[in-house]
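Q: Can you read through this structure? Questions will come right after.
The values are calculated or read from the model by the stated rules, or taken from the named source; none is laboratory data. These figures come from a predicted structure and were not determined experimentally. Cβ atoms come from the backbone with ideal geometry, glycine included; neighbour counts cover every protein chain shown.
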Amino acid sequence: MEKNYPLKIGLEIHGYLNTKEKLFCRCETDFLKKTPNIFICPICTGQPGSKPMLPNEEAIKKIIQISLILNCRINYEGEMKWQRKHYDWPDLPKGYQDTISGAHSTPCAENGVFDGIRIRECHLEEDPAQWNPENGEINYNRSGIPLIEIVTEPDFKSVEQTLSWLSNLINTLSYIKVIRKNAGIKVDVNVSTYGERIEIKNINSLEKIKKALEYEIKRQIEEYENGREIKKETLTYDDIKGKTIKMREKEGQTDYRFIPDPDLPSLDISKEDIEKIKKSLPELPSEKLKKLIDKFSLRKEDAEILVKNLALVEFAEEIAKKINLPKYISWITIELLRILNYNKKTLDDEDVEIKPEHLVELLELVDKGELTVLNAKQIMNNFVPKSFSVKENMKIQLGKLSEEETKKLVEKVIKENKKVFVEFKEGKKESLNFLIGQVMNLSGRRADFKKVREIFEKNR
Ligand SMILES: [Zn+2]
């Protein structure tokens, strides 16, 4: 495709705010759990006569955090009224969605800019339920979860720019934990070339956005070259057919009959609230990256690994207070991440507690020659989920393991590697070696190799 054509792209991004409870009730929000309709109540299933509770304060705090990151003006003096946005669809039992947008409301925040792209507005709304048109089933777990909608100006000039900006936005917002990691996004994309603006609704991944945009741009140029007019319309992207298709009239309609919701008071946010939230914001990934390179003299490659996760950067910053960070950086970017990945954990998981001072202690022992690098790595294997003082542990652990202790470790390894253990029982030699290796690692090499083999053979 030749590159010389006019192109404007704009986005409307819906992200799931990372809150424990839904927007107008106290139901849980973990909608990624498979069982349908377990987090429901009369409010989020729209039972007749049910009234919303006051909006979730955590959601309001998070929308302000996002608005600040996007450098928006927050409308604390404006009328942030909840509006009922009406449409009839099986996923919406109340017949309307509550949103701070529409004809009679001012959005939460306006006129921002993030990474060179202007932000028109941000607002807060509730998610509808999930409806499966194939079998008519409805799952209300998602109904009433707080959503943020971020609307950009049509400032993007290429597909690549759109994708890299969007991925930076998602990384930044999940890094400070304001949007839900792994929950995905829903994006409406508008694109114009030689004619009017075309909107493609509800695309849920970067890859699909790329495909939809490439298809749609090509289609519009062909229409233009064939002398046909490009008229304003609303499309969806069919991933299986690999093309954009026209939406049914009903879905594309825009008359939502907005009216103020009499059951909900206007949002009342003060300038002081905003200042307080501003102070509590962590440094953003871009600022952290600069600091790690300039202040701590890290290489860019290493700094980039750290800034993918707030907990990891903060861990590294703590380490840097005590020892030379660049010298030991691979213990974090390679060793620690290897161990976490192996255990399918991340540093910010609730059950993981790894203390920087424990790693510092370990590294100091390596530095003094009291531990070999290999031994230190083996000890570190046991830092997940909870780290420990290596010095204290070394005092206890001098000498070989008792038979009783060894047996316990063997049992633990069998429990955690049931499949491999079955393979071993079926006679696979590599499986036994693997299992023995696990016990040796767990014991910090203090188990007696022969004894371990013996215990496994007995268990066969
Ligand atoms: Zn509920």
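Q: Considering only segment 318-360, state which residues are assigned to a helix (DSSP H, G or I), β-branched (Val, Ile, Thr) and surrounded by 14 or more Cβ atoms within 10 Å (Cβ to Cβ). Even if it seems obvious, please write down each step before you answer.
A: Here is the first cut: in segment 318-360, the ones assigned to a helix (DSSP H, G or I) are 318-322, 325-342, 356-360.
Checking which are β-branched (Val, Ile, Thr) leaves us with 319, 329, 332-334, 339, 360.
Residues satisfying the conditions are Ile319, Ile329, Ile332, Thr333, Ile339, Val360.
Q: Determine the pairs where a residue that is without any contact (Cβ under 8 Å) to a residue 40 or more places away in the chain and more than 16 Å from the ligand (Cβ to nearest atom), located within segment 142-164, has a partner that is part of a strand (DSSP E or B) and not hydrophobic (A, V, I, L, M, F, W, C) with Cβ atoms under 8 Å apart, the partner being 6 or more residues away or on another chain.
A: Between residues of segment 142-164 that are without any contact (Cβ under 8 Å) to a residue 40 or more places away in the chain and more than 16 Å from the ligand (Cβ to nearest atom) and residues that are part of a strand (DSSP E or B) and not hydrophobic (A, V, I, L, M, F, W, C), there is no close pair.
Q: So, one more: Which residue, of Ser101, Ser67, is in the same structural domain as Pro146 (by TED's automatic domain parsing), in contact with a strand residue (DSSP E or B) (Cβ under 6 Å, 6 or more places away or on another chain) and part of a helix (DSSP H, G or I)? Please lay out each step first, then the result.
A: Numbers: Ser101 fails: part of a helix (DSSP H, G or I).
Going through Ser101, Ser67 in turn, just one is in the same structural domain as Pro146 (by TED's automatic domain parsing), in contact with a strand residue (DSSP E or B) (Cβ under 6 Å, 6 or more places away or on another chain) and part of a helix (DSSP H, G or I): Ser67.
Q: Something else now. Going by what's in this entry, would Lys308 be described as touching a residue at least 12 places away in the same chain (Cβ under 8 Å) and under 23 Å from the mean Cα position of the chain (by Cα)? Don't jump to the end; show me each part of the working.
A: Working: touching a residue at least 12 places away in the same chain (Cβ under 8 Å): yes; under 23 Å from the mean Cα position of the chain (by Cα): yes.
Considered against the rule, which asks whether it is touching a residue at least 12 places away in the same chain (Cβ under 8 Å) and under 23 Å from the mean Cα position of the chain (by Cα), Lys308 comes out as yes.
Q: Checking the condition at pLDDT 95 or above and surrounded by fewer than 18 Cβ atoms within 10 Å (Cβ to Cβ), which residue from Cys41, Cys25 passes?
A: The match here is Cys41.
Q: Next question, about the same structure. Looking for something in contact with a strand residue (DSSP E or B) (Cβ under 9 Å, 6 or more places away or on another chain), under 30 Å from Lys20 (Cβ atoms), assigned by TED's automatic domain parsing to the domain that holds Leu298 and surrounded by 13 or more Cβ atoms within 10 Å (Cβ to Cβ) - is there at least one such residue anywhere in segment 361-384? So that I can check it myself, show each step before the final result.
A: To start, the set of residues in segment 361-384 that are in contact with a strand residue (DSSP E or B) (Cβ under 9 Å, 6 or more places away or on another chain) comprises none.
No: segment 361-384 contains no residue that is in contact with a strand residue (DSSP E or B) (Cβ under 9 Å, 6 or more places away or on another chain), under 30 Å from Lys20 (Cβ atoms), assigned by TED's automatic domain parsing to the domain that holds Leu298 and surrounded by 13 or more Cβ atoms within 10 Å (Cβ to Cβ).
Q: Hey, another quick one. Just checking, how many residues over segment 8-42 are of a type in the set (S, T, N, Q), closer than 20 Å to Lys186 by Cα and within 15 Å of the ligand (Cβ to nearest atom)?
A: First, the residues of segment 8-42 that are of a type in the set (S, T, N, Q): 18-19, 29, 35, 37.
Checking which are closer than 20 Å to Lys186 by Cα leaves us with 18-19, 29.
Retained after the next criterion (residues that are within 15 Å of the ligand (Cβ to nearest atom)): 19, 29.
The number of residues fulfilling the criteria is 2.
Q: Okay, next question. Away from the ligand (no atom under 11 Å from the Cβ) and either buried (at least 19 other Cβ atoms within 10 Å of the Cβ) or polar (S, T, N, Q) (or both), is that true of Gln47?
A: It is false that Gln47 is away from the ligand (no atom under 11 Å from the Cβ) and either buried (at least 19 other Cβ atoms within 10 Å of the Cβ) or polar (S, T, N, Q) (or both).
Q: Something else about it: Could you say which residue among Gly136, Gly184 is surrounded by fewer than 21 Cβ atoms within 10 Å (Cβ to Cβ), on the phi > 0 side of the Ramachandran plot and in contact with a Ser or Thr (Cβ under 8 Å, 6 or more places away or on another chain)?
A: Numbers: Gly136 fails: in contact with a Ser or Thr (Cβ under 8 Å, 6 or more places away or on another chain).
Being surrounded by fewer than 21 Cβ atoms within 10 Å (Cβ to Cβ), on the phi > 0 side of the Ramachandran plot and in contact with a Ser or Thr (Cβ under 8 Å, 6 or more places away or on another chain) holds for just one of Gly136, Gly184, which is Gly184.
Q: Determine whether segment 101-113 contains at least one residue that is of a type in the set (Val, Ile, Thr) and crowded, with 20+ Cβ neighbours inside 10 Å.
A: No, segment 101-113 has no match at all.
Q: Same structure, new question: For segment 261-273, name all the residues that are exposed (fewer than 15 other Cβ atoms within 10 Å of the Cβ) and not in a loop (DSSP other than H, G, I, E, B).
A: Lys271, Glu272
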